[in-house]
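Remarks on the structure that follows.
The values are calculated or read from the model by the stated rules, or taken from the named source; none is laboratory data. Because the structure is predicted, anything quoted here is derived from the model rather than measured. Cβ sites come from the backbone with ideal geometry, for glycine too, and all protein chains shown count toward neighbours. Just the protein is used for accessible areas: all its heavy atoms, side chains included, with ligands, DNA and RNA removed. Shrake-Rupley method; radii C 1.70, N 1.55, O 1.52, S 1.80 Å.
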Amino acid sequence: DVQIAGRSVAVESAQWIGGAEPVSGPLPSTSLGGVVDTGPRGRLMVFVVQKSLERDRLAGLLRILHDSGRLLDALTPDDRVAVVSFDSHLKIWLDFTDDLDRARTVLADEILFREPGVLEGGGGVSMMAGLSRDVGRSTYSMEDALARLGRALEPLPGSKSVVLIGYGFGELTVTLGMVGSRQNPRYGEARDALHAARAAVFSLDVTDVDYHTFEHGLETVSADTGGFFVRTRNRARRAIEQVADALVGHYVLFTQAPDVESGTHAIKVDLVGAQGTVYARTTYTN
């Protein structure tokens, strides 16, 4: 059941995107005759690593990158993976490639303490038209990095998954002596670009504390795009498994166009006749 701006819209079809059919089987056809296509389809997945050598971030980042290969275990030969990182600026390590062994090596062994080598692309699917190394060198904030990534992904077909391994973003604030954070004004551009690209963000917070101010950036971008946020402190392996389970596949729902006025409206998606948790983007822009 899908509602936009509080009004129900008919679901015309549901398409499974992933390497294998869900354990529960395909969704039933809708009353409008929609069908579920469970055939193998290549997915596009981008790893974004937010690098930091600060003590309370580095240990968690090392743990996650060491086990990051588990995030690739469910992928198929039809899938493509790209890898970028951000520290002082955005760096492109891998354009979309089906060489999963190379992606594992970059994530686990190279990305933290080395610089990107010769750029490797993958078989015709590329984000380099909108995200060159020159563009990366002029990208100085995490919000701008996500915005430029979204714009580079938008022309590519289908939905995408973005795995954000980092410590968060936002602007530090101090109110009445209390430290907090707020969204950078540029965040809206990042959210809109990721929406246009049909990209869901799954965030792994590597910070080795129970709570910190910048985690709200990770939480917000994940909730807005239809992914989720998970802390990794004291549960790194479980956090990786949680994201890996989500990356196995997803449904794309096709609905009738909602009859709503121009603007941005809330989306609500619920399961009918089944139990489970739904992760879906939160807004629709007419």
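Structural remarks
- From the list T213, T175, T207, the one residue that fits, being of a type in the set (V, I, T), over 11 Å from the mean Cα position of the chain (by Cα), over 23 Å from D95 (Cβ atoms) and open to solvent by 50 Å² or more (accessible area, probe 1.4 Å), is T175.
- Close pairs (6 angstrom Cβ cut-off, 6 or more residues apart or separate chains): at pLDDT 80 or above in the range 4-31, open to solvent by 60 Å² or more (accessible area, probe 1.4 Å) and assigned to a loop (DSSP other than H, G, I, E, B) anywhere: V9/Q256; A10/L32; A10/Q256; E12/L32; S13/V35; A14/L27; I17/R41
- Here L53 passes the criteria (1) part of a loop (DSSP other than H, G, I, E, B); (2) over 16 Å from the mean Cα position of the chain (by Cα); (3) closer than 20 Å to S159 by Cα except the one numbered (3).
- Any hit, the range 207-219, residues being closer than 28 Å to T173 by Cβ, of a type in the set (S, T, Y) and in contact with a helix residue (DSSP H, G or I) (Cβ under 7 Å, 6 or more places away or on another chain): yes
- Within the range 67-92, the set of residues being open to solvent by 10 Å² or more (accessible area, probe 1.4 Å), closer than 21 Å to G42 by Cα and not in a loop (DSSP other than H, G, I, E, B) comprises G69, R70, R80.
- Scanning the range 214-242 for residues that are assigned to a helix (DSSP H, G or I) and basic (K, R) yields a total of 2.
- Filter result for V118 (over 22 Å from G249 (Cβ atoms) and either in contact (Cβ under 8 Å) with a residue 60 or more places away in the chain or surrounded by fewer than 17 Cβ atoms within 10 Å (Cβ to Cβ) (or both)): yes
- Of all residues in the range 251-271 being at pLDDT below 90 and hydrophobic (A, V, I, L, M, F, W, C), the one that is farthest from S13 (Cα to Cα): A257
- Where D270 falls short, out of the listed (1) more than 30 Å from G69 (Cβ to Cβ); (2) in contact with a helix residue (DSSP H, G or I) (Cβ under 6 Å, 6 or more places away or on another chain): (2)
- When the range 216-242 is limited to residues that are over 28 Å from R186 (Cα atoms) and charged (D, E, K, R), the one that is surrounded by the fewest Cβ atoms within 10 Å (Cβ to Cβ) turns out to be R238.
- The residue that is farthest from L194 (Cα to Cα), counting only those in the range 260-283 that are open to solvent by less than 60 Å² (accessible area, probe 1.4 Å) and more than 18 Å from the chain's Cα centre (by Cα), is A274.
- Unique match (being within 11 Å of I165 (Cβ to Cβ), of a type outside the set (A, V, I, L, M) and either open to solvent by less than 30 Å² (accessible area, probe 1.4 Å) or assigned to a strand (DSSP E or B) (or both)) among F47, F96: F47
- Sub-9 Å Cβ pairs linking a first residue in the range 122-145 that is at pLDDT 95 or above and charged (D, E, K, R) to a second residue that is part of a loop (DSSP other than H, G, I, E, B) and open to solvent by 60 Å² or more (accessible area, probe 1.4 Å), at least 6 apart or interchain, are E143/Q183; E143/P185; E143/R186; D144/R186, ordered by first then second residue.
- Among residues of the range 104-120, those that are closer than 18 Å to P77 by Cα and either in contact with a Phe, Trp or Tyr (Cβ under 7 Å, 6 or more places away or on another chain) or modelled with pLDDT of 95 or more (or both), counted: 2
- Check on D245, surrounded by fewer than 17 Cβ atoms within 10 Å (Cβ to Cβ) and touching a Lys or Arg at 6+ places or on another chain (Cβ under 9 Å): no
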